[in-house]
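Presented below is the structure to which this report refers.
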Amino acid sequence: MFRATLKSLLARKVRLVLSGLAVVLGVMFVSGAFVLTDTLGRSFDAVFADGFSDIDVNVAGKPKVAVGESEGEQVAAPVPASVLERVRAVPGVAEARGVVNADGTRLIGANGKAVTSFGPPQVGENWLGESDLVTLREGRGPQADTEIVVNASLAEAAKVRVGDRVGVLTPLSSKRQDFTLVGVFGYSGDRDSLGGVNEVAFTTPVAQRLILGKPDVFTSVTVRAAGGTTATALRDTVAGTLGSEYAVKTGAQLAAETSAGLKEGLSFINKILLGFAAVALLVGTFLILNTFSIIIAQRTRELALLRAVGASGRQIIGSVVVEALAVGLIASVLGLGAGIGVGALLATIVGKRGGLAIAGIGVPAAAVIAAFSVGMVITVLAALLPALRASRIPPIAAMQDVATPDRPLTRVTVGGTVVTGIGAVLLFLGLTDRAGGHALWAVLAGVLFALIGVALLTPLISRPLVALLGSIFAWSVPGKLGRLNSGRNPRRTAITAAALMVGIALVTGVTVILDSAKGSITALAEDTIKAELVIAGDRSGPRPASFDPAVLEQIAALPGVRLVDGEYGDLASVGGTRTYVAAGSNPAALQGVFGAEATAGDISRLGPDQMLINTDVAKSRNLSVGSTVTVQLSRGEPHTYTVSGIYRSSQLTNPVMLPAQAARDFAIPQPIQGYVQLAPGTAVADVQPRVERLLADSPEVAVADRGAFIKQQTSQLDTPLQMIQILLALAIVIAVLGIINTLALSVLERTRELGLLRAIGLRRSLTMWMITVEAVVISIFGALLGVVVGTGLGAAVIRALKDDGFTELVLPWGQMVTFLVLAAIIGVIAAALPAVRAARINVLGAIAHD
């Protein structure tokens, strides 16, 4: 039986190639995700291990407010110069140096624009001289307060050279300050940067003033141990001397923690890639199921003969499973190889864009295990149902010509209804926060069950819909035949169309959600923001663009300007709870610009020790006008504020408003947005150029009218949408393979029929047209299902998020039409090879075909 199985597999190897390709693509995503994250993770480990290699112990102040990597700017408490002296006096210390080092220093390039960074920080620091790690490549170190040096990668990105006069924006001031570039430095190993970080180094006094805001303080103190003293022992001694006020760690600890923070972000990328792999494998399951079903139907007589000569039902099942295992094994090997290549390519691209030296490409055990587990398990599971069907073929079928009869659709319809119902319940629980803290998993499971349920229900609706769609092509005899062929086997048509449906449904659903989000934001902003001009910058990294607050007073003095407000933002500890807070230069803007409605107290003014809160904060913390709350900002000491007003919660207003004086202790003590309200009758075109001139020294921001600003903010959703569409395109590619495979096997199955049609006068061109009509009808049917299901899922999400600000349901009609047109094109492309094969069929041989 095993030899018979191998011969059968070899005889049908071409038929299984396309179904195997679906597994290859899914496994490629799975293994590629693990290879990418492993390679980048080891690269980060190497960078930080090298960067902290000359540090045995590091002393730093503990941050006032703990801020995650994706939450904003974390500011460490400064270390006084007196602590540096205390550390130098500790036994076992060979050398201790005060370091000034913080994100937020931007160099203005030769083009007049600030050099941006997509991920790696832009560091300002004090120049500590050359070392085994840092070497000057050109010029010298800074000696005067008007001199700086930069690393080689930043010099290249900014197109600046030694001797140039360059502008710099610092964390505490977004107003351009000019310095003379006197040197360019690099790192051991001929590296231009460490992990893509842009670095600007000043003299120590200038770095303290511009980065920390006060003299005689440092960001940290780095320590070298004397001979015979271990880093661990010295850490414990220094920690005992300084007490719990400071964080004392070894260099190895610091490198591991810094790398771990970046790896957390990599795990998110890994989950995204695995999610798309799951979609690809789900679509591939339909393809494999259909392929084996068709092959089993074509082998009815062969399998019956095996039963007749003594093969048991269990052996028949084993035969089909062995074929599936062989396909899964080969596909897993190829998918793993492709995944390694894709992971290495992506890692190389990330390294080049981010200036990261990529460690050797590694293949972790997880990639290998996942590749073979997923590839083989998915293939076998998809083949089990056809295998069970094969085991039930009676031996008597060998004695006669047997056509596989259409089975009733009752069971599959009931099953589809139940599965769809389960999906609807899970979606309801997840979208209404009734899943017990597992909302995301409930939504994902709900989408999966809904898609599978609809796929199971598809045979029920395929006949009438396919007949309706096929009527478009029924003006010719080949068109009528193609329509009839596409509706001949509802199960086969349904499975083929369902594969395309899944990909298009997900793309449509995501598009509906993101377009609705854009529409909701636009509608809310247009109704809420009562300012004709907005000052803001494009956010190209973790730190938002900011501008010089002195500009606000200058704008207010312009003719035709009625009100000006600068908005600051920070993550603070409010009454012991981390909360986003804001401060405005003009308290009247809360009502005048954002249309806030007071529910208690006075929100039109704000004293130095007063705060305003929205109704959500008041309710959740049981606060009222007159309540006192202690607030700890990123800098400074805790400060107690009295609630002087409460305003109605809105999507565009922050939960807590502090007085403008508080902004000096924010992580970014400059305004990140500005709003300009004009007097009645004043034209925007008259004021906007004047504001632009005032912002000349803040090149990261620009001024735009309200409409352009809203469009700029909502356009940020275009990038994730494009990424999702590109990745989900893989599922559509697999669906195309499914249509090709179905048609190819169908042509083989109908060899005698095609020969008879050719014999009675059907020309080759008409034969090709018949096959093409069949493919186009199936493709449009799948696309139509996908559009309907995706729209339904997207609309359900928007409806559930209505209370969270999703007030507009926007349907992407243009994209829906594009999908249907694309489906027709896909059908034509998918039909090409099977149609050519059908047209070239030998008429006499086909008529005699058994």
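Residues checked against (1) surrounded by fewer than 13 Cβ atoms within 10 Å (Cβ to Cβ); (2) out of contact with any Gly (no Cβ under 7 Å at 6 or more places or on another chain); (3) under 20 Å from residue 788 (Cβ atoms); (4) aliphatic (A, V, I, L, M):
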site	(1), (2), (3), (4)
412	no, yes, yes, yes
423	no, no, yes, no
427	no, no, yes, yes
445	no, yes, no, yes
455	no, yes, yes, yes
460	no, yes, yes, yes
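Does region 628-653 hold any residues that are surrounded by fewer than 17 Cβ atoms within 10 Å (Cβ to Cβ) and of a type outside the set (Ser, Thr, Tyr), and which are they?
636, 637, 638, 648, 651, 652 - these are the residues of region 628-653 that are surrounded by fewer than 17 Cβ atoms within 10 Å (Cβ to Cβ) and of a type outside the set (Ser, Thr, Tyr).
From (1) under 20 Å from residue 584 (Cα atoms); (2) in contact with an Asp or Glu (Cβ under 7 Å, 6 or more places away or on another chain), pick out the condition that doesn't hold for residue 694.
Result: residue 694 fails condition (2) only.
Counting only residues that are under 31 Å from the mean Cα position of the chain (by Cα) and within 19 Å of residue 548 (Cα to Cα), how many does region 172-216 have?
1
Name the pairs whose Cβ atoms lie under 7 Å apart, with the first residue in region 722-745 and over 19 Å from residue 769 (Cα atoms), the second charged (D, E, K, R) and assigned to a helix (DSSP H, G or I), and 6 or more positions between them or separate chains?
From region 722-745, no pairs qualify.
If residue 558 meets every condition in (1) aliphatic (A, V, I, L, M); (2) touching a strand residue (DSSP E or B) at 6+ places or on another chain (Cβ under 9 Å); (3) crowded, with 21+ Cβ neighbours inside 10 Å apart from one, which number is that one?
Unmet condition: (3).
With a cut-off of at least 3 residues that are modelled with pLDDT under 80 and surrounded by 20 or more Cβ atoms within 10 Å (Cβ to Cβ), name the helices (runs of 4 or more DSSP H) lying wholly within region 654-756.
Passing ranges, in order: 718-749.
Quick grid of which residues meet (1) at pLDDT below 95; (2) part of a strand (DSSP E or B); (3) of a type in the set (Lys, Arg); (4) under 18 Å from residue 571 (Cα atoms):
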| position | (1), (2), (3), (4) |
| --- | --- |
| 600 | yes, yes, no, no |
| 607 | yes, no, no, no |
| 613 | yes, yes, no, yes |
| 623 | yes, no, no, no |
| 636 | yes, no, no, yes |
| 645 | yes, yes, no, no |
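Given the conditions (1) within 22 Å of residue 713 (Cβ to Cβ); (2) in contact with a Pro (Cβ under 9 Å, 6 or more places away or on another chain), report the number of the one that residue 691 does not fulfil.
(2)
Of the residues 552, 558, 563, only one is at pLDDT 90 or above, in the same structural domain as residue 681 (by TED's automatic domain parsing) and assigned to a strand (DSSP E or B); which?
Details: 552 fails: assigned to a strand (DSSP E or B); 558 fails: assigned to a strand (DSSP E or B).
Exactly one residue qualifies, and that residue is 563.
Give just the number: which of (1) of a type outside the set (Phe, Trp, Tyr); (2) free of Cβ contacts under 8 Å to residues at least 60 places away in the same chain; (3) surrounded by fewer than 20 Cβ atoms within 10 Å (Cβ to Cβ) does residue 121 not satisfy?
Every condition holds for residue 121 apart from (2).
Please state which one of 11, 49, 4, 33 is at pLDDT 70 or above and farther than 20 Å from residue 276 by Cβ.
One residue alone meets the criteria, 49.
Among the residues in region 747-754, are any within 30 Å of residue 453 (Cβ to Cβ) and in contact with a helix residue (DSSP H, G or I) (Cβ under 8 Å, 6 or more places away or on another chain)?
The answer is yes; a qualifying residue exists.
Might you check whether a residue that is of a type in the set (S, T, N, Q) and buried (at least 22 other Cβ atoms within 10 Å of the Cβ) occurs anywhere in region 196-217?
yes
Got a number for residues in region 129-185 being in a helix (DSSP H, G or I) and out of contact with any strand residue (DSSP E or B) (no Cβ under 6 Å at 6 or more places or on another chain)?
Counting residues in region 129-185 that are in a helix (DSSP H, G or I) and out of contact with any strand residue (DSSP E or B) (no Cβ under 6 Å at 6 or more places or on another chain) gives 3.
For region 616-627: of the residues being out of contact with any helix residue (DSSP H, G or I) (no Cβ under 7 Å at 6 or more places or on another chain) and of a type in the set (Ser, Thr, Tyr), which is surrounded by the fewest Cβ atoms within 10 Å (Cβ to Cβ)?
620
Does region 583-598 contain any residue that is over 30 Å from residue 689 (Cα atoms), in contact (Cβ under 8 Å) with a residue 24 or more places away in the chain, among the aliphatic types (A, V, I, L, M) and touching a Ser or Thr at 6+ places or on another chain (Cβ under 9 Å)? Even if it seems obvious, please write down each step before you answer.
Filtering region 583-598 for residues over 30 Å from residue 689 (Cα atoms) gives 597-598.
Next, only the ones that are in contact (Cβ under 8 Å) with a residue 24 or more places away in the chain stay: 597-598.
Imposing the further condition that a residue be among the aliphatic types (A, V, I, L, M) reduces the set to 598.
Next cut, touching a Ser or Thr at 6+ places or on another chain (Cβ under 9 Å) only: 598.
Checked region 583-598: at least one residue is over 30 Å from residue 689 (Cα atoms), in contact (Cβ under 8 Å) with a residue 24 or more places away in the chain, among the aliphatic types (A, V, I, L, M) and touching a Ser or Thr at 6+ places or on another chain (Cβ under 9 Å).
Out of all the residues in region 583-627, which are farther than 19 Å from residue 553 by Cβ and β-branched (Val, Ile, Thr)?
599, 603, 613, 615, 617, 625
I need the helices (runs of 4 or more DSSP H) fully contained in region 217-318, keeping only those with at least 1 residues that are at pLDDT below 70 and under 20 Å from residue 385 (Cα atoms). First the steps, then the outcome.
Numbers: elements: 231-242, 251-298, 300-308.
Correct list: 251-298, 300-308.
Six or more apart or on different chains, Cβ under 7 Å: which pairs go from a residue in region 462-474 that's in the same structural domain as residue 494 (by TED's automatic domain parsing) and closer than 17 Å to residue 496 by Cβ to one that's of a type in the set (Val, Ile, Thr) and not in a helix (DSSP H, G or I)? Could you list them?
Within 7 Å, no pair qualifies.
The values are calculated or read from the model by the stated rules, or taken from the named source; none is laboratory data. In this text the structure is predicted, and so the values were computed from the model without any measurement. No Cβ is skipped: glycine too gets one built from the backbone with ideal geometry, and neighbour counts run over all protein chains shown.
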